[in-house]
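Below is one structure, written out as structure tokens, with a few remarks after it.
The values are calculated or read from the model by the stated rules, or taken from the named source; none is laboratory data. Here the structure is a predicted model, which means the values were calculated and not measured. Every residue, glycine as well, gets a Cβ built from its backbone with ideal geometry; the counts of neighbours run over all protein chains shown.
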Amino acid sequence: MNNLDKLYQERGLNAFEFSRGYAAYLITLLEKLDHKNISECIRHLEEARQNANTIFIIGNGGSASTASHIGNDFGLAVLKKSNKAINKSYRALALTDNISVISAIGNDSTFNNIFLDQLKVHFRKGDKLIAISASGNSPNLVAAAEWFKEQGGTVIGWLGFDGGKLKNIVDVPIVVESPKGEYAPVEDIHLVINHIIVTWMQYHIMHEDGIV
Ligand SMILES: O=C(CO)[C@@H](O)[C@H](O)[C@H](O)[C@H](O)COP(=O)(O)O
């Protein structure tokens, strides 16, 4: 039984109490956030921005939507706040968004290659990869991360539970440590990490541009 099972089953909570208990539990996980590795992640993103490299983002299911969200925020949310004439935004690309390419790879090859094959097309030296996975064990992410590292690229993992296989593959693991199977809080906190990073980037670039 994980913590959410316990919250509902052992305490027999109604919706109001469950909502309050879920929020309180999220706070306990947020308090354990790995700020050292979040700042290390930002250091790699900055390096990519300074050198005009691309940051690829990948994930399945709920984490695919987080990848799309990051692709939007790292690029456009940052551009919005900076001096558009200079355009110092991050070159961020979610590989979850082209259904034509994903369905072709899945249909013609194997679903395990949906990110790997896209990376084979787009990867350039100096690029970075963010792999988002609650379990850390999705085979298509593991295959993409291993190949990316073989090319000399840096891989950052936004992970959950015990970090899974990806924890030992990636260069920078940000693990929302939690009982196996507790997807919802891990996915919630990955979005919080996105917003921490994006908000910091916005201030950082506005500072560079002399706006703040
Ligand atoms: O959103 C959820 C669960 O909250 C699901 O869609 C979940 O993301 C999918 O089962 C994924 O395939 C899980 O993959 P991963 O995060 O463990 O790599």
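Search the range 55-68 for residues that are among the small types (Gly, Ala, Ser) and pair each with any residue that is more than 10 Å from the ligand (Cβ to nearest atom) and not in a helix (DSSP H, G or I) when their beta-carbon atoms are under 7 Å apart and the residues are at least 6 apart or on different chains.
Taking only residues 6 or more apart or on different chains, the pairs are GLY59/THR96; ALA64/THR96; ALA67/ILE57; ALA67/ALA94; ALA67/THR96; SER68/ALA94; SER68/THR96; SER68/ASP97.
Would you please name the residue that is farthest from the ligand (Cβ to nearest atom), looking only at residues in the range 31-67 that are part of a loop (DSSP other than H, G, I, E, B) and of a type in the set (A, V, I, L, M, F, W, C)?
ALA52
Checking VAL198 against (1) more than 20 Å from LEU119 (Cα to Cα); (2) surrounded by 16 or more Cβ atoms within 10 Å (Cβ to Cβ); (3) at pLDDT 95 or above, which test does it fail?
(3)
Considering the range 97-136 alone, what residues qualify as being assigned to a strand (DSSP E or B) and away from the ligand (no atom under 16 Å from the Cβ)?
Here is the first cut: in the range 97-136, the residues assigned to a strand (DSSP E or B) are 128-133.
Within the range 97-136, LYS128 is the sole residue that qualifies.
State all residues of the range 141-169 that are in a helix (DSSP H, G or I) and surrounded by 22 or more Cβ atoms within 10 Å (Cβ to Cβ); if no residue qualifies, say none.
Within the range 141-169, the first condition is being in a helix (DSSP H, G or I), and the residues that meet it are 141-150, 164-167.
Within the range 141-169, LEU141, ALA144, ALA145, PHE148, GLY164, LEU166 qualify.
Of all residues being outside any helix (DSSP H, G or I) and at pLDDT 90 or above in the range 68-96, which is nearest to the ligand (Cβ to nearest atom)? Just the residue, please. Steps first, answer last, please.
Of all residues in the range 68-96, those outside any helix (DSSP H, G or I) come to 82-96.
Next, from what is left, pick out any that are at pLDDT 90 or above: 91-96.
On the way: ARG91: 25, ALA92: 20, LEU93: 19, ALA94: 15, LEU95: 14, THR96: 11 Å.
Selected residue: THR96.
In the list ASP108, ASP97, which residue meets the criterion of being loosely packed, with under 14 Cβ neighbours inside 10 Å and not aromatic (Phe, Trp, Tyr)? Before you say what the answer is, go through the steps one by one.
On the way: ASP97 fails: loosely packed, with under 14 Cβ neighbours inside 10 Å.
Within the list ASP108, ASP97, the selection yields ASP108.
Can you pull out the residues in the range 137-154 that are within 16 Å of the ligand (Cβ to nearest atom) and among the acidic types (Asp, Glu)?
If the condition is that a residue be within 16 Å of the ligand (Cβ to nearest atom) and among the acidic types (Asp, Glu), then GLU146 is the only one that fits.
When the residues of the range 149-177 are filtered to those that are over 11 Å from SER135 (Cβ atoms) and small (Gly, Ala, Ser), which remaining residue is nearest to the chain's Cα centre (by Cα)?
In this case the residue turns out to be GLY157.
Identify, please: which residue in the range 170-192 is surrounded by fewer than 19 Cβ atoms within 10 Å (Cβ to Cβ) and away from the ligand (no atom under 13 Å from the Cβ) and is, among those, farthest from HIS44 (Cα to Cα)? Before the answer, list the steps.
Kept after step one, since they are surrounded by fewer than 19 Cβ atoms within 10 Å (Cβ to Cβ), are these residues of the range 170-192: 171, 177, 179-181, 183-184, 188, 191-192.
Narrowing the set further to residues that are away from the ligand (no atom under 13 Å from the Cβ) leaves 171, 177, 179, 192.
On the way: ASP171: 10, GLU177: 22, PRO179: 29, VAL192: 19 Å.
Taking the candidates together, the pick is PRO179.
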